[in-house]
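Below you'll find the structure, written out as structure tokens, and then a few comments.
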Amino acid sequence: MKKSLVAISIMAIVGSAWIGSTWYMGKLIEQRMDKMVDQSNAILKEYLPEAGLQLSYQDYQRGLFSSHFRYVLQSDVSSPGEKWLKEGDKITFIEQINHGPFPLSQLKKFNFIPSMAVVHSELENTPVMASLFEITKGQAPLTAISNISYQGNIASVINISPMESQQKAASLQFSGATINADVSKDLRNVTLDANSDSIFFTNKSHNNQLEKYSLQGLELKSTTSKGKFDLALGNKQLTIKQMALDTDGKSIVLLEGLILNTYLGESDEHLNTKLNYSLAGLKIKENDFGSGKLILSLNRLDGKAMKEFITAYNQEALQTIQQGEDFEAQELSDILWSQLPILLKGNPTLNIEPLSWKNSKGESMLNLNVELLDPTTNTTTTNNTLQRSFLAQNVKKIDATLTIPQAMATHLTMQIALLAGYSPEESQTLAEQQIKGLAAMGKIFKLTTNTDDTISSSFHYADNQIDLNNKKLSLQEFMGLFGLFNPVNEELTPEHPSEQMPSYDQ
């Protein structure tokens, strides 16, 4: 009897302590709400300044084991320029907080790891969101469960509901998506794992054909952390199992096994980045065009200079958007060239090892290594126009090799001719003529060599001197091959410049 009373007493004490601590955690969370909202608004202004959005909360009701309130996202009247939301429109999230240290929602799952709170979030059906709820058949388009640790780190599971829409000839089918996100208290460390099975979009084209676009097997993985230059370092990988375009039920383009992988790291003063892109297969109108890959590295990028460039780019982009204009490739090119001296600080290097395309007949490959120069440290003075060119002033060294198997190039060219409507026999003949002509032209101008039915070229540049396929010449002599300067090395000019290209009709 005494043991039973002792056990009951212990349970009562533990229960009272749990209830007391749960009530205290609820009170503590309420006291921190204003600070959390201010931090969220600061993030919105930093990462989405053009959106003109402001977050607030309302209807806060604190209970013993849980609290309820609403997050409200609306237009920030103090923000300049065009905004994402019209004045008066609101996006609201219904929030339920289960108080720690042992939230009831976690205890129901037999999870006894202490946490500050578990938050269930759900997008509310408001007028501005009504159309979105229609295509999810009344289900909340977005829900999330977030576990907040006592250290302030947040682990979330976010679910995007399946969607289906039909408007005249256009239709959308989306399988939904799941996002697992881990975010540190200071937002400097973020891990994402997102995936979706499929997206299908169908519409009538301008010539009344039924076009169907599809993406299948989407997956995004990202592990990043802020470095000393306040840039997100780490790995990101996007995988798409299949991308396709069909017209009236016939396959037009099919891409399989697309993988885009990026890495950014840092040393004491520099940033190093690597891009690894690969495509397992490309089919056009059911013709197998092969596979390709690109591995590109940029090393010794000056960290402070890169931060300056990104800041300038973001400011220019924001200014363009606020003026109601589209931010197109020309604007990006203008910014890039204007900021190029900044990007060349640190004498960065560019490596492509390799860029390749492979089909059933062989693999063509380009390897390129470029060492760049900071123009502010280049003290060379000259009156020679050529030596004051971008190449002479900003490039220290170039090494490049190219190999193209003729059988591979012929097969690829033949497939392109088939798409243009030629018969298989005509396509093969035309392809052979074009590739033989290309090989002959490269040989005449000494730009390529041809050994074992492989078109090859090697190029080395340093100190304004060039080695082209083991032939040494100056920069001026090299440019003379293209008629830009008068060539002075007769050995490297075409032996018969007026000679017509040979015919391969026989």
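The values are calculated or read from the model by the stated rules, or taken from the named source; none is laboratory data. Here the structure is a predicted model, which is why all the values come from computation and not from measurement. Note that we place each Cβ from the backbone using ideal geometry, even for glycine, and neighbour counts take in every protein chain shown. For the accessible areas, the whole protein counts, side chains as well, though only heavy atoms, and no ligand, DNA or RNA atoms are used. Shrake-Rupley method; radii C 1.70, N 1.55, O 1.52, S 1.80 Å.
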Practice item. Measure of size requested: the Rg and Dmax of region 210-257, with Cα atoms as the atom set and Å as the unit; please supply both. Key: 16.9, 53
**Study point:** Net charge of Cβ neighbours under 13 Å - reference ALA181; Lys, Arg +1; Asp, Glu -1
**Key:** -1
Review point. Long-range amide H contacts for TYR422: which residues qualify at under 5 Å (H placed 1.01 Å from N, peptide plane, sequence gap of 5 or more or a different chain)?
Key: none
Check your understanding: Taking region 397-483 as the region of interest, what is the percent of Cα-Cα pairs per 10 angstrom bin, listed from the shortest bin to the one with the maximum distance?
Key -> 17, 38, 26, 15, 4, 0
**Study point:** Cut-off under 5 Å, modelled amide H: who pairs with PHE289 long-range
**Key:** LEU282, LYS283, ILE284
Review point. Just the accessible area per residue of region 162-313, please: how many Å² with a 1.4 Å probe?
Key: 56 Å²
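Work out the FRET efficiency for TYR277 and LEU48 from their Cβ-Cβ distance, taking R0 = 25 Å, and round it to the nearest 0.05.
Details: r = 28 Å, r/R0 = 1.10.
The pair TYR277/LEU48 has a calculated efficiency of 0.35.
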Exercise for review: Compute the FRET efficiency between LYS396 and GLN433 as 1/(1 + (r/R0)^6), taking r as their Cβ-Cβ distance and R0 = 51 Å, and round to the nearest 0.05.
Suggested key: 0.80
Practice item. On a C-alpha basis, how far is the centre of region 120-185 from the centre of region 219-237 in Å? Whole number, if you could? Key: 24 Å
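Net charge near ILE342: determine it from the other residues with C-beta under 12 Å of the C-beta of ILE342, scoring Lys and Arg +1 and Asp and Glu -1. Each step should come with its number before you reach the end.
Values: positive: LYS304, LYS307, LYS345; negative: ASP302, GLU308, ASP374.
Once positives and negatives cancel, what remains is 0.
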Review point. How large is ³J(HN,Hα) for each residue in region 223-240, as worked out from phi by the Karplus curve 6.51 cos²θ - 1.76 cosθ + 1.60 (θ = phi - 60°), to whole Hz, x for Gly and Pro?
Key: 10, 10, 8, 6, x, 5, 9, 6, 10, 7, 9, x, 10, 9, 9, 10, 10, 10
Review point. Under the Karplus relation 6.51 cos²θ - 1.76 cosθ + 1.60, θ = phi - 60°, what is the ordered set of whole-Hz ³J(HN,Hα) values for region 157-164, x standing for Gly and Pro?
Key: 10, 10, 10, 9, 6, x, 9, 8
**Study point:** Alpha carbon centroid spacing (whole Å) that separates region 338-377 from region 286-300
**Key:** 14 Å
